[in-house]
Amino acid sequence: MKNFTANGFHKMKVPPKLYERILHYWNKNRANMTPEPDSDALINFWVNKPQMVDVGDNEDLHESIFDVTQPILEEWMGLELEHYSVYGIRVYGEGNILIPHVDDLPRVASAIINVDQDVDEDWPLEVIGHDGIAYNITMQPGDLVLYESHSTYHGRPFELKGRYYANIFVHFYPNGYALDGTPIHNDIFEGHDDVPIYITGGKWKVDDEGMWEMRFRKDEDEETKKQQVIYTNEGADGETSETYDEEDEEVELDMDNSQTEAHHHAFKGDIDALYEIASNESKRHMLLLPDANGWQPLHEAVRMGHENVVNFLLEH
C-alpha cells in the first residue's frame, strides 16, 4: 500500500455546524440504540456488545457528514477522494477493546468523529505512524482524527473504563486524480490504468462491486486461473506473474510480496496448518519470518482476532 501523508494521521476539530447536527441527532436517538451486528473479532463483543445509533436513518445528515469531511481529507491527502461509507454511531461500552488492525479496502482515507463519551479515564486510539512509532491519541467530543486506514495500524488495545464512547467512522478512497484534476497513474504497474494508485504490490482481485481486495492464496484450479487477468509485474525477488485471458471481468494482480504460507494460515486462523509448519524443521523459520512490510504471521493473527493462533505463535 502507498502512503500519502507524512505520518498517517492528524487530529483536529469537527467543523462546529456539523458537530452540532450530529450531537442533536445523538441526543434525540440515543435512547433507541440497537446491538451492533456481529462482524469479526476486532471488538470483544462477547464481553460487552457495542450498540448502534444508525446515522444512515437520516439521509440528509448522512450526506452532510460525507460532504463536510471529504474536502478536509482531500486537502490532507493531496488528492481527490470518492465516498465509500459512513458507519455509526457505534457506542462502545465498559470493558471493550478494539484490536489493532488496518481496514479492508477500499477504506484508504478515513476519519473518526467522537460524538460523545462518559468515561473514567481517557480511552486512547493507538496508531502506528509511518515512522514506526506508536502514538496514543486522546479524543474529546467534537474531535476529528484523520488517518490512512488501510496502511496505518490502529486500535484501542486498552479496556474502556466508563459507561460509553460513541464514534462515527467515515471512509473514502482515491479516485486517481490530483486536487487540480490531473490524472495520477500507478507508476509501478505502468500501462494498466485500472490499477488503483494506492496499490504497490501483493496479490489482488476485483470483487463483484468493482472494488479491489487482497488475495492471500492462489487459486490452484487451472481452469479458473485461465479465466483471470493476471498482470505481469516484477516482484522484489525479480519474479514475474503471467498474463492470461484479458476479456474476463475478474482481474487479479499478482506480485510476490514475500508473504509465506505461515502468514496465510495465521490470517485464516488455521492453527492445525501452523502446527504442521512448527513440526517441520525446514519450515519452522516461517513462523517468525517478516514479509516485505515487516509483518510476521503473528501480526496477521492479531489483525484478524484469532486468539488461539496468537497464543500459539507467541509460544513458538
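The values are calculated or read from the model by the stated rules, or taken from the named source; none is laboratory data. Predicted model only: the values in this text are computed from it and were never measured. Here the Cβ is made from the backbone with ideal geometry for all residues, glycine too, and neighbour counts use every protein chain on show. When the accessible area is computed, the model is the full protein with side chains, heavy atoms only, and any ligands, DNA or RNA have been set aside. Shrake-Rupley method; radii C 1.70, N 1.55, O 1.52, S 1.80 Å.
Summed over segment 108-165, residues that are modelled with pLDDT under 95, open to solvent by 10 Å² or more (accessible area, probe 1.4 Å) and among the β-branched types (Val, Ile, Thr) total 2. Filtering segment 268-287 to residues that are over 30 Å from the mean Cα position of the chain (by Cα) and either in a loop (DSSP other than H, G, I, E, B) or under 18 Å from Glu307 (Cβ atoms) (or both) leaves Asn280, Glu281, Ser282. I need the full set of residues from segment 288-310 which are part of a helix (DSSP H, G or I), open to solvent by less than 70 Å² (accessible area, probe 1.4 Å) and out of contact with any His (no Cβ under 6 Å at 6 or more places or on another chain), in order please. Passing the criteria: Leu298, His299, Ala301, Val302, Met304, Val309, Val310. Each residue in segment 90-107 was checked for being aromatic (Phe, Trp, Tyr) and either in a loop (DSSP other than H, G, I, E, B) or open to solvent by 20 Å² or more (accessible area, probe 1.4 Å) (or both), and 0 of them qualify.
Of everything in segment 64-89 that is open to solvent by 10 Å² or more (accessible area, probe 1.4 Å) and not in a helix (DSSP H, G or I), the residue that is farthest from Arg30 (Cα to Cα) is Gly78. Look at segment 42-62: where a residue is open to solvent by less than 50 Å² (accessible area, probe 1.4 Å) and a partner is of a type in the set (Lys, Arg) and in a helix (DSSP H, G or I), sitting 6+ places away or on another chain with Cβ atoms under 8 Å, you get Val53/Arg30; Leu61/Arg21. Close contacts from segment 133-153, counting a first residue that is on the phi > 0 side of the Ramachandran plot and a second that is crowded, with 19+ Cβ neighbours inside 10 Å and at pLDDT 95 or above, with Cβ to Cβ under 8 Å and a gap of 6+ residues or different chains, come to Gly142/Val14; Gly142/Tyr19; Gly142/Asn114. The set of residues from segment 13-37 being open to solvent by less than 70 Å² (accessible area, probe 1.4 Å) and of a type in the set (D, E, K, R) comprises just one member, Glu36.
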